[in-house]
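Read the structure below first, then the notes.
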Amino acid sequence: MNEYDEKWEERINALLDGELSADDAERLKAEASDDRELARAIVEAYQLQKAMDEVKVERAPASLSKRLNAIPREHSKARTFSFLQPRWAMALAAIPLVVITLSLMQPDTPSASEIAKARQEMAIAFAYLDKANAITSREIESSVGHTLADAVTGSVNRAIKSQNLNSKEKEA
Amino acid sequence: MKRLFRNKFVIGLLCTLFSLPVIAQEDELKDLPGYVDFGDLSLTYGEPKITINLGGTMLNFVGMMSSSESPETSEMISKLKGIRVQIYSLEENADVARSQFSDTKSNLKSSGWEPIVQVNEDDEQVLVYMKAVDGNMEGMTVMVVDDEEAVFVNVIGQLNPAELAQVMDQFDVNVDLDLD
């Protein structure tokens, strides 16, 4: 680009676009008659504009138009069924596994018969504790007599009970 | 490489999630300070004639069922975390059971259990031990070995023996025991 292009570009473009006033157009014309470079720049710009106006809009081939028009629809379709993509399919498949796993981690709610069975088992366990208590009481009684045996078993029970009370106080 | 790592991560995560409930059930009682390992006498005497393993979850349900009948019983059960019973019939000689009794007794002593009552007769041994941690009762163990049977009872949690009779009456369950 020469110095004239930079200097006169704006005015030449305005002239060609019809935006230059009549006075400015006459002034530019006078200057061009004295300056060959300016005159040549105006002529070249005019020829370029004319050539651009003569260029026709070529229609795209039908197959290309069809493919280009299909792009938005395909894009939209891909979004709609994006859950079929591998990563989503894997995530969806994992959901039942996680649900099953979490349900396994939850404590099962026992049936009424299971609770009744547990109650029976607890009673059996306590009966054996009671049996041991009876044996120890009998042995103590036979060794030290009834009065002292009561005192011993009583003190044992108090000792255990004090542990429970201690726990209650700590909880409070 | 990135995909391989992701697959391994997902598989590892699923395996961990699936194994958690099993691990939790196995360790529910074993990890508690009131738990006692009684060993295994089944090689000598066969399977125990009575085996009871009640965990905290089941005990909670039993306690809830008892709350309407007796709030006191329900409260007592709520303090229990587990109940374990193993009872073997000793048709053959009781020496192995007595040996296991002594081993368990030694283990109890070395792990901070305190003797409450002990009866040492020629034909009958009874032992009641209690475990307390920081003043809190964590468990009670009763072992009885005579010529006919070996009884191992482990109550995990807090239990006052004086309340047993009340609970037995409340349960109104027929338990047929030889209380000789």
**Report entry** Members of region B:45-55 that are surrounded by fewer than 17 Cβ atoms within 10 Å (Cβ to Cβ) and either on the phi > 0 side of the Ramachandran plot or more than 9 Å from chain A (Cβ to nearest Cβ) (or both)
**Finding:** B:46, B:47, B:49, B:51
Report summary line: Flagged pairs (Cβ under 6 angstrom, 6 or more apart or on separate chains; first in region B:40-61, free of Cβ contacts under 8 Å to residues at least 40 places away in the same chain; second among the polar types (S, T, N, Q) and crowded, with 17+ Cβ neighbours inside 10 Å) are B:51/B:86
Query raised in the report: Checking residue B:107 against (1) at pLDDT below 90; (2) over 21 Å from residue A:126 (Cβ atoms), which test does it fail?
Result: (1)
Requested in this report: Kindly indicate whether residue B:78 is surrounded by fewer than 13 Cβ atoms within 10 Å (Cβ to Cβ), among the polar types (S, T, N, Q) and under 26 Å from residue B:56 (Cβ atoms).
Outcome: no
Query raised in the report: In region B:54-97, what residues are assigned to a helix (DSSP H, G or I) and among the aromatic types (Phe, Trp, Tyr)?
Result: B:61
Report task. Report whether or not residue B:126 is in a strand (DSSP E or B) and more than 26 Å from residue B:47 (Cα to Cα). Result -> no
Requested in this report: Mind telling me which of the residues A:60, A:14, A:45, A:41 ends up being part of a loop (DSSP other than H, G, I, E, B) and modelled with pLDDT of 70 or more?
Outcome: A:60
Report summary line: Restricting attention to region A:20-42, the residues that are over 15 Å from residue A:10 (Cα atoms) and among the hydroxyl-bearing types (Ser, Thr, Tyr) number exactly 1
Query raised in the report: Which condition number does residue B:90 fail, the rest of (1) farther than 20 Å from residue B:29 by Cα; (2) surrounded by fewer than 18 Cβ atoms within 10 Å (Cβ to Cβ); (3) of a type in the set (A, V, I, L, M, F, W, C) being met?
Result: (2)
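Kindly indicate whether residue B:141 is surrounded by fewer than 22 Cβ atoms within 10 Å (Cβ to Cβ) and either in contact with a Phe, Trp or Tyr (Cβ under 6 Å, 6 or more places away or on another chain) or more than 12 Å from chain A (Cβ to nearest Cβ) (or both). Step through it out loud before you land on a result.
Values: surrounded by fewer than 22 Cβ atoms within 10 Å (Cβ to Cβ): no; either in contact with a Phe, Trp or Tyr (Cβ under 6 Å, 6 or more places away or on another chain) or more than 12 Å from chain A (Cβ to nearest Cβ) (or both): yes.
For residue B:141, the condition - surrounded by fewer than 22 Cβ atoms within 10 Å (Cβ to Cβ) and either in contact with a Phe, Trp or Tyr (Cβ under 6 Å, 6 or more places away or on another chain) or more than 12 Å from chain A (Cβ to nearest Cβ) (or both) - is not met.
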Query raised in the report: Taking helices (runs of 4 or more DSSP H) that fall entirely within region A:77-172, which contain at least 1 residues that are polar (S, T, N, Q), within 21 Å of residue B:137 (Cβ to Cβ) and modelled with pLDDT of 60 or more?
Result: A:112-144, A:146-171
Requested in this report: Hey, can you tell me all the residues within region B:98-112 that are part of a helix (DSSP H, G or I) and free of Cβ contacts under 8 Å to residues at least 24 places away in the same chain?
Outcome: B:99, B:102, B:106, B:109, B:110
Report summary line: Over region A:48-57, the set of residues among the aliphatic types (A, V, I, L, M) and not in a helix (DSSP H, G or I) is A:55, A:57
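The values are calculated or read from the model by the stated rules, or taken from the named source; none is laboratory data. The model shown is predicted, which means the values in this text are computed figures rather than measured ones. Virtual Cβ from ideal backbone geometry, glycine too; neighbours counted across all protein chains shown.
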